[in-house]
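Taking it in order: structure first as structure tokens, then the write-up.
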Amino acid sequence: MGVVLALAAEGCAPSAASPGPAEVKVVPLAGAQLERACVAGAHELCFNARDDNCNGLLDEGCGVHTGLVQFSIAWNEASADVDLNVTDPNGELVSTLRPTEAGLVKERDCPGATDDCHGQNMENVFLDGGKPLLRGTYRVAVRLEKLGGSPGPIEVTLGARIGPKSYAATFRLKRPEQEGVIRFEL
Ligand SMILES: [Ca+2]
Ligand SMILES: [Ca+2]
């Protein structure tokens, strides 16, 4: 409750043909409204979890891994702790400790125990390139763990890549343990 969420299917196709699901159903579990679309040919900004240049890839060229399925979050408050919790169609929660059996990998746990992210708070989950795309429901939860001294709310951008399409949503999380959830069905 109290999660403000904006969602947009940006529908941008990358220049190279990518195999992917023909149809994706996106189910926000909170009120949704359209967010701005990406701009073709724009400069791709790093660590904002957005497909700024509308090529279907999130934060490419920034040392961030991608795959046929990718979910990323980013937020500005350096000491706030937000978690990206993705559960794959097998019901397995993706952790930074090891890939799921379906091949989803999580990199970056921000802000990290020893300021590992250097103030650039971004978490990223992607499908390992060697694994086939697993169809089914991906549950993507964005959860505020700690405000870290910020008065809040913490504005968190969620970017998603499903095959050739990218999606963007924004959450405003006010108190610890609050989370916003979107389901992607493919
Ligand atoms: Ca891009
Ligand atoms: Ca970006």
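What follows is calculated from the coordinates using simple rules that are stated; it is not laboratory data. Please read all numbers here as calculations on a predicted model, not as lab measurements. As a convention, Cβ positions derive from the backbone with ideal geometry for all residues, glycine included, and neighbour counts pool all protein chains shown.
Taking the Cβ of Asn124 as the centre, find all other residues whose Cβ is under 9 Å away and add up their charges (Lys, Arg: +1; Asp, Glu: -1).
-1
Please compute the modelled spin-label separation between Glu101 and His118, points set 7 Å along Cα→Cβ, answer in nm with one decimal.
3.9 nm
Could you work out the local net charge near Leu186, counting Lys and Arg as +1, Asp and Glu as -1, over the other residues with Cβ closer than 13 Å to its Cβ?
Overall, the nearby charge balance is +3.
Around Thr137, what is the net charge, scoring Lys/Arg as +1 and Asp/Glu as -1 over all other residues with Cβ under 11 Å from its Cβ?
+2
Through the Karplus equation 6.51 cos²θ - 1.76 cosθ + 1.60, θ set to phi - 60°, convert the phi angles of the stretch 75-88 into ³J(HN,Hα) values in whole Hz; use x for Gly and Pro.
Those phi angles translate into 8, 8, 5, 4, 9, 6, 10, 10, 10, 9, 10, 9, 10, 7 Hz.
Quickly rank 117-125, 170-178 as a protection proxy: mean count of other C-beta atoms within 10 Å, highest first.
With the highest mean Cβ count within 10 Å placed first, the list reads 117-125, 170-178.
In nm, what is the difference between 0.36 nm times the number of residues separating His65 and Asp109 and their Cα-Cα distance?
This chain segment gains 14.4 nm when fully extended.
With θ set to phi - 60°, apply the Karplus curve 6.51 cos²θ - 1.76 cosθ + 1.60 along the stretch 46-56 and write out the HN-Hα couplings as whole Hz, x wherever there is a Gly or Pro.
8, 6, 10, 6, 10, 8, 4, 9, 6, 9, x
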